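The values are calculated or read from the model by the stated rules, or taken from the named source; none is laboratory data. Quick caveat, the model's predicted, so the values are computed rather than measured. Neighbour counts run over all protein chains shown; Cβ positions are idealised from the backbone, glycine included. Remember, those area values only see protein heavy atoms, side chains included, never the ligands or the DNA or RNA. Shrake-Rupley method; radii C 1.70, N 1.55, O 1.52, S 1.80 Å.
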Amino acid sequence: MKAIVQDVYGSADVLELRDVDPPQAGDDEVLVQVRAAAVDPGVWILMTGQPYLARLMGFGVRRPKVAVRGRDFAGVVMATGARVTRVKPGDEVYGTSESGSYAEYATAPERQVAVKPGNLSFEQAAAVPVSGTTALQAVRDGAGVQAGQRVLVVGAAGGVGSYAVQIAKAFGASVTGVCSTDKVDLVRSLGADDVIDYTRDEVDRDGPRYDAVIDIAGNRPLSLLRRALTPKGTLVLVGNGRQYGGGVTAGFGRQMLRAPLLSIFVGQRLRNLIAKERAEDLAELRQLIESGAVTPVIERTYPLGDAPEAIRHLGIGHAAGKIVVSIR
Ligand SMILES: NC(=O)c1ccc[n+]([C@@H]2O[C@H](COP(=O)([O-])OP(=O)(O)OC[C@H]3O[C@@H](n4cnc5c(N)ncnc54)[C@H](OP(=O)(O)O)[C@@H]3O)[C@@H](O)[C@H]2O)c1
């Protein structure tokens, strides 16, 4: 099968389109014919091997253990392992792969796969799993957003932010999004009640207070984010602001280390989010999508051979929604 493969860690220049053996599904896995995949900062981490700590977390110390890149996918189930019960061959599914999704075939644990939303194309569905799940867990679990609350989403225009705005609205919140000038109309179109263009204004010391602040951009001081919160409000730290910069500590911004400690001593709840890929959340996202409350935003779709270019584009750090890779 054709796949985007790398033998060593590095920039997108190390990626090659090659013929490789297709993966085989284990007992708890499904084999999927991939129709579309998507790009997210996790792909960048696996490609570059930075932060270095990631290599020690099982990705491969000297070279990537899994050579094929890509995680998000949407496609058709071709085969299922002996212990798989919820999906069957022929089902149209979406989820996250462990074998790499920039490929004609991919495997994924059943616990990371769900039936794809019926009203989405494969390209749209592939744009959902990692970013949609992260946004859902930030809004629902991290912030515990309730109807009528005021929510500030910092980094509202990107992969995670474009879902967070829509999900918080679907939960009945009043949402303010923070983005750059070019993205103001996009963030309003997602349902934001208010938008702060960070090139002109900033989350204001004397401005409104929010019940929840979801910081996806990750490049503002903790003190500023806390000032935007009500005395009992919740701050959820999702991003670290250095996702495409690499280095030893990228992925673990300073505020991410300080926030849980500080949270013990103040009335506000300050928490980090570590998202987990779960079929149950993909099923909840399917409901939100099929009800019309959430629609993936796709900035651009690249053919499989141009996946390195898709990753370079994401790496500029100013994506408008999601970047997708079309397989066939
Ligand atoms: N904790 C977790 O489990 C988890 C899971 C997934 C992702 N993440 C992290 O979440 C972060 C974002 O991921 P993503 O997929 O959304 O990335 P992305 O698609 O590359 O989006 C990045 C967004 O950041 C915005 N941005 C850049 N500088 C900004 C600033 N100063 N203020 C406000 N917005 C700014 C950009 O919008 P503008 O063009 O408007 O600047 C862009 O839309 C990354 O750090 C990623 O590693 C964490």
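Structure values in brief
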item	result
Under 16 Å from the Cα of residue 2 - aspartates and glutamates, other chains or at least 8 residues apart	16, 19, 21, 104, 306
Solvent-accessible area per residue for the chain (1.4 angstrom probe, square angstrom)	42
The chain: calculated mean residue ellipticity at 222 nm from DSSP helix runs of at least 4, using -39500 (n - 2.57)	-6500 deg cm²/dmol
Full-extension gain in nm, residue 309 to residue 219, via 0.36 nm per residue minus C-alpha separation	29.9 nm
Cα centroid separation - segment 34-53 against segment 157-173, whole Å	23
Positive-end extreme of charge dipole, the chain - chosen from 316, 106, 53 (charges on Cβ)	53
Shape of segment 131-272, Cα gyration tensor, a/c cut at 1.5	rounded
Segment 161-221: trypsin sites (Lys or Arg not before Pro) falling in loop per DSSP and having at most 11 other Cβ within 10 Å	200, 205
Sequence-separation-based contact order of segment 24-129, relative, with Cα cut under 8 Å and 6+ spacing, percent	36
Virtual spin-label span in nm between residue 199 and residue 180, 7 Å along Cα→Cβ	0.7
Length-normalised contact order of the chain in % [C-alpha pairs under 8 Å, at least 6 apart]	20
DSSP bridge orientation in segment 54-194 - percent antiparallel, rounded to nearest 5	55
Mean-position separation - Cα centroids, segment 94-146 and segment 303-327, in angstrom	17
Segment 1-75, relative contact order in percent, only Cα pairs under 8 angstrom and at least six apart counted	40
DSSP beta bridge pairing in the chain, given as percent antiparallel to the nearest 5	55
Those trypsin sites (Lys or Arg not before Pro) in segment 12-81 that DSSP places in a loop and that have at most 16 other beta carbons within 10 Å	62, 65
Student exercise, the chain dipole from Lys, Arg, Asp, Glu Cβ charges, in Debye to nearest 20	940
